[in-house]
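Single-structure report; data block below.
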Amino acid sequence: MLLEEWQDANLPRASAGLSTDAQQQHLSVPLQQQLVVIIQQQGKQHALRRTSLVSAQWSPPSSGRYKCNVDAAFSERFWRGKFCSLVKYIQLQFVLAKVLQFGQIYPIAIGEALGLYHVIHWMQDMRFDNIDFELTRDAFHSRTVDVTEFGTVIGACQHLFSSSFTNSRVEFIRRQANTATHALAREATSLASPTIYYAIPHCIKTIIINEML
């Protein structure tokens, strides 16, 4: 159908009065091949967009595991930052959330790395394991030597992680799939003190419920 519409729109005026069969014969074989390639490319692009949309959705952990999302947000108004983490179980049951205050403003990448370090400590203290930690920056597994402040914090996270857990992992997640944690982090910049939530925070209740559907 798309091929015929393209042909109708691009045929020379001299062939406008020809029948459909005559119009198709009027087209050169190379042109028809080009049209087929264009249609195939459009189909591949559509499939890639669908794949990208699916990969940007939060997914629950496998059976018997926890999933912990980490994010950070900073407020120049209050001159402080917050990191937060959400812990959710396979049955999509909300487990815990924690908000912790930074004493100063950092670049977002460093804030998230510091958040990961603190949450690893937190899970270690609570003797949790079987955890899938999710970050929006794919740097934890990098083998590149990084002497920046960010690299130093990631190195500390790697050392603490390897010495604290036997069956946990750190994974990369797209920011679009981390909406609940990001929303909580932004909301938390106005809080005055660290907070642990044992029930779903009101500001992300709709997001969490939608994830359960």
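Quick check on V153: is it under 11 Å from C68 (Cα atoms) and touching a residue at least 24 places away in the same chain (Cβ under 8 Å)? Here the answer is no, as V153 does not meet what is asked. Considering the stretch 122-161, and only residues there that are among the aromatic types (F, W, Y) and in a loop (DSSP other than H, G, I, E, B), the residue that is nearest to S85 (Cα to Cα) turns out to be F128. With respect to (1) crowded, with 18+ Cβ neighbours inside 10 Å; (2) under 22 Å from Q124 (Cβ atoms), the lone exception for T189 is condition (2).
Scanning the stretch 152-179 for residues that are under 18 Å from S62 (Cα atoms), among the hydroxyl-bearing types (S, T, Y) and out of contact with any strand residue (DSSP E or B) (no Cβ under 6 Å at 6 or more places or on another chain) returns a single hit, T166. Just one of the listed residues (E134, E149) is of a type in the set (D, E, K, R), farther than 28 Å from S63 by Cα and either more than 21 Å from the chain's Cα centre (by Cα) or crowded, with 18+ Cβ neighbours inside 10 Å (or both), namely E149. In the set (1) in a helix (DSSP H, G or I); (2) in contact (Cβ under 8 Å) with a residue 60 or more places away in the chain, Q101 fails one condition alone, (1).
Summed over the stretch 152-176, the residues that are surrounded by 11 or more Cβ atoms within 10 Å (Cβ to Cβ) and small (G, A, S) give a count of 4. For the stretch 162-213, the set of residues classified as among the basic types (K, R) and not in a helix (DSSP H, G or I) consists of R169, R174, listed by residue number.
Every read-out reported here was derived from the displayed coordinates using simple, explicitly stated rules and does not represent laboratory data. None of the values given here were measured: they were computed from a predicted structure. Cβ atoms come from the backbone with ideal geometry, glycine included; neighbour counts cover every protein chain shown.
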